[in-house]
Amino acid sequence: MPQLPRPLVPTLALALAVLGVGAAQAQSFSAVAPTPAQVRPAVDQAYTQLLSAPQVQKLLEAVKADHERSVDDLKMLTEIEAPPFKEQKRAEAFLARMKALGLADARIDAEGNVVGLRKGTGGPGGSGPKLLISAHLDTVFPAGTDVKVKDLGNGRLAAPGISDDTRGLAVLLSWLKVLNDNNVQTVGDLLFVGNVGEEELGNLRGMKRIFADHLDIDGMVGLEPAPDGSVLILGTGSHRYEVTFKGPGGHSYGAFGQVPSAIHGMGRAIAKIADVKTPSFPKTTFTVGTVSGGTSVNTIAPEAKMAVDIRSDQMEPLLETEKKILAAIDQAVVEENRRWNVNTLSVSTKLIGDRPGGRTPPDSVIVEAATRANASFGHKTLLSGASTDANVPMSLGIPAIIVGGGGKTGGFHAMSEWIDVTDGWKGAQNSLVTVLGLVGVQGVTQPLLEKRPPRAN
């Protein structure tokens, strides 16, 4: 899961204003819900037709009626642990449910993603758009974590990973069930995906595989725990490094002055990194997150390690900050060797995290569709940003957003994580309406999402 969605920074004020969101309002997590006149007429008309269609109204009632059964799916999946790189058991359970609900050809791909295609009719031209709808299988919690769901009463359930992102998986299954039960045909294709590798050092490996294998995806709507009305349109990029310092080591007294300390060298590097300047916009950050090394209190350390995290809302300042940090590390080693007039301290860096950044324009059809759907459900739209699965398509120039799946949530990445599923079906309805407008419903509306030329591999 991402950090809690945060408002976009002030220099996007003009873009926010296009959708009726003032910068000051966005800073406080509130926004003015755009009226239909604030989205392009085609979007407004499509959602007016969609929401007035009897078959769509029936479908939304089916989402409500399926809520309790969907909560059973939520509990079942939550109680199958899915640590990073160990998502297989949950993937198998999710695949079994997808097949039982009508996607007979669903499968687990080479990376461990569960993938199932619900074909559309194609519309008059015979080829509608393909929309990826997804939620991630993995959680941050290690193997052996107690993932038993606790019923706290009044619709509130608690368990590690129950909202991030198991709720999203359960909502996808509910959508699949109600679409099939009610024989609703979309014009565009819906690619249902439960993906791996969103959390920690998963490095978005699942989503990278999806977009490498499916070159004809035209857009993405991902589900994550998010407040009603939140539409994530900015993907914060990040690079993470493991940095290892090595020296000969020696006795703290007997070898003093003869050999450099790996820990001292690392300390110099950390001090230099702390002095690196970054722009306030686009927001660009860094931290030395973990350090380790040494063998005893009276030993000149032969080895030390640290992990460095670098993030930015745009790739150019991220790469510039990365360059400064790597240079600071190299300079620290030079200075530590010079301090003792030796050349025996060395350093190596290993890229352990690579999340590309990107942005979906706030005036794009996919954002206006979500905005119009939010307004239909009485929600103000808040444009936000974080690091999520949507980073991958955004980095490729493919329109992508992250929205909520319904229910109030909290305690992300903590053992006390919880979700209040009371009326959670409302959020599931809202996000489904966003999806339906994008792919179109046969006999009701044509797709708003444009068909893109297939990408080259």
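General remarks:
- Candidate set: region 190-229, residues that are among the aliphatic types (A, V, I, L, M) and part of a strand (DSSP E or B); chosen: the one farthest from Phe85 (Cα to Cα): Leu190
- Of all residues making up region 367-407, the number that are of a type in the set (Val, Ile, Thr) and either over 10 Å from Val231 (Cα atoms) or outside the structural domain of Asp138 (by TED's automatic domain parsing) (or both): 3
- Condition met for Ile233 (in contact (Cβ under 8 Å) with a residue 40 or more places away in the chain, out of contact with any His (no Cβ under 8 Å at 6 or more places or on another chain) and not in a loop (DSSP other than H, G, I, E, B)): yes
- Each residue in region 397-433 was checked for being over 18 Å from the mean Cα position of the chain (by Cα) and closer than 30 Å to Pro453 by Cβ, and 2 of them qualify.
- Only a single item in (1) surrounded by fewer than 24 Cβ atoms within 10 Å (Cβ to Cβ); (2) over 26 Å from the mean Cα position of the chain (by Cα) is not met by Pro260, and it is number (1).
- All conditions in (1) buried (at least 16 other Cβ atoms within 10 Å of the Cβ); (2) within 23 Å of Gly219 (Cβ to Cβ) hold for Ala82, with the sole exception of (2).
- Which listed residue, of Leu172, Leu190, is under 23 Å from Thr121 (Cα atoms), touching a Lys or Arg at 6+ places or on another chain (Cβ under 6 Å) and buried (at least 24 other Cβ atoms within 10 Å of the Cβ): Leu190
- Residues (buried (at least 20 other Cβ atoms within 10 Å of the Cβ) and either modelled with pLDDT under 95 or not small (Gly, Ala, Ser) (or both)) located in region 430-443: Asn430, Leu432, Val433, Thr434, Val435, Leu436, Leu438, Val439, Val441
- Exactly one residue out of Val342, Val333 is touching a helix residue (DSSP H, G or I) at 6+ places or on another chain (Cβ under 6 Å) and not assigned by TED's automatic domain parsing to the domain that holds Gly397: that is Val333.
- Exclusive hit being assigned to a helix (DSSP H, G or I) and charged (D, E, K, R), set Lys426, Lys451: Lys426
The values are calculated or read from the model by the stated rules, or taken from the named source; none is laboratory data. What you see is a predicted model, and the numbers here were worked out from it, not measured in a lab. In this analysis, Cβ positions are derived from the backbone assuming ideal geometry, glycine residues included, and neighbour counts consider all displayed protein chains.
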